[in-house]
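Quick one: the structure is below, and I'll ask about it shortly.
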């Protein structure tokens, strides 16, 4: 005769209940274990330290970016001032050149006028006789 190897419903239900009870006992034992609580506390402290490091890194990055932006603004301002100074120097040079040209033209006109006056005086002398 063969033994009945398949358990009936009541047997399966009691086995499942016992397994659940055993799992519950292991979970409760693990929860009350001080070593596990210490490891969890250590993990929590590491997470807090990591979060603090990340926050400090973000702040440092923001500070570096602000410093770089300020440096870029200073460079742009210095370039603008250099261009302005260069433009002023070019304008001054152009004004000086224009003044020199005007003086040269005045000197040439004065020489031309002197020659004209000399010709007129010579012509007048010749007519006088």
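Bear in mind these aren't lab numbers, they're just calculated from the coordinates by the rules spelled out. Only a predicted model underlies this, so the values are computations on that prediction, with no experimental measurement involved. As a convention, Cβ positions derive from the backbone with ideal geometry for all residues, glycine included, and neighbour counts pool all protein chains shown.
Hey, how many Å between the Cα centroid of segment 112-129 and the Cα centroid of segment 10-53?
127 Å
Mind listing P(r) for segment 30-128? All alpha-carbon pairs, 10 Å bins, whole percents.
Answer for segment 30-128: a P(r) of 12, 13, 12, 10, 9, 9, 8, 7, 6, 5, 4, 3, 2, 1, 0 percent.
Calculated FRET efficiency, residue 53 and residue 31, Cβ-Cβ r, R0 41 Å, to nearest 0.05?
Working: r = 30 Å, r/R0 = 0.74.
The calculated FRET efficiency here is 0.85.
Kindly express, to the nearest 10 degrees and within the range 0 to 90, the angle between helix 34-128's C-alpha long axis and the longest C-alpha principal axis of the chain.
10 degrees
Rounded to the nearest 0.05, what FRET efficiency is calculated for residue 98 and residue 127 with R0 set to 35 Å and r the Cβ-Cβ distance? Present the calculation step by step, with values, prior to reporting the outcome.
Numbers: r = 43 Å, r/R0 = 1.22.
Result of the calculation: an efficiency of 0.25.
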